[in-house]
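Report on one structure; see the data block that follows.
Just so it is clear, none of the values below were taken in a lab; they were calculated from the coordinates. Quantities reported herein were computed from a predicted structural model and do not represent experimental measurements. With ideal geometry, Cβ positions are generated from the backbone for all residues, glycine too; neighbour counts draw on all protein chains shown.
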Amino acid sequence: MTSFKEENNAETKASFSNVLAEKAKSKKGPTSERAKYQVSKNNIKNGFCSKRFIVYGENKKEFERYRDQLLEFLDPITPIQIDMCFHLIQNGWHIKRLSYLRNGLYNIEIKRVLENSYNFENVHHEGHSEIKKTLNGLGNKDEVLGIVFSRDCIGSGTQSRLTAIENSMHAKYYKIYREYMLDRFGREYHYEK
């Protein structure tokens, strides 16, 4: 039969305190207040993770660069400021997305105009450079854009709806930004070039 030797020493309050003190000494991490503050910002960045903001086809690194630049510039401290930063990042990213969406809609419509009005076949299967050559061959690119715009005004009005959404998003973004700057710095901030 195998016997086990057990220690029956109960842990005392003093020995427990000694263990905690040893653990505290061995901790590695920031020591200055500024460094601790910067590390705490990592939690904010994790809260603004790209999974919450980007959709298929968008660049995760581009979003993270945008988010980090805004957080660095705005430098939120209080929970309210962090919440306002969340809304600024979200709205700013949506505004960028609307710009891409607008370009995509125009590109699709330009291809339709070329196919229907100028009788270019299979223009939807051509690459960007081929479409550029086609447009350059027409001589008057403004006319194509004019047809695209007039179709949008008569038809479902996708571009005009997009513009209305974009204007609303811009207004919301700058309202939050002004409120944030007043809360954070006690004044309105004017960007200087």
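Computed values, structure above
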item	result
Label-to-label distance, nm, for residues given as residue 105 and residue 117 (7 Å Cα→Cβ offset)	1.7
Those GluC sites (Glu not before Pro) in the stretch 115-153 that DSSP places in a loop and that have at most 16 other beta carbons within 10 Å	121, 126
Charged-residue dipole, Cβ positions (Lys, Arg, Asp, Glu), the stretch 55-185 about Cα centre, Debye nearest 20	100
Long pairs among 96/172; 51/96; 51/132; 60/111, criterion Cα-Cα beyond 24 Å	51/132; 60/111
Using θ = phi - 60° and Karplus 6.51 cos²θ - 1.76 cosθ + 1.60, couplings along the stretch 73-83 (whole Hz; Gly, Pro as x)	5, 6, 6, x, 10, 8, x, 5, 5, 5, 5
For a label point 7 Å along the Cα-to-beta-carbon line of residue 129, residues of the stretch 98-117 with backbone N under 13 Å	none
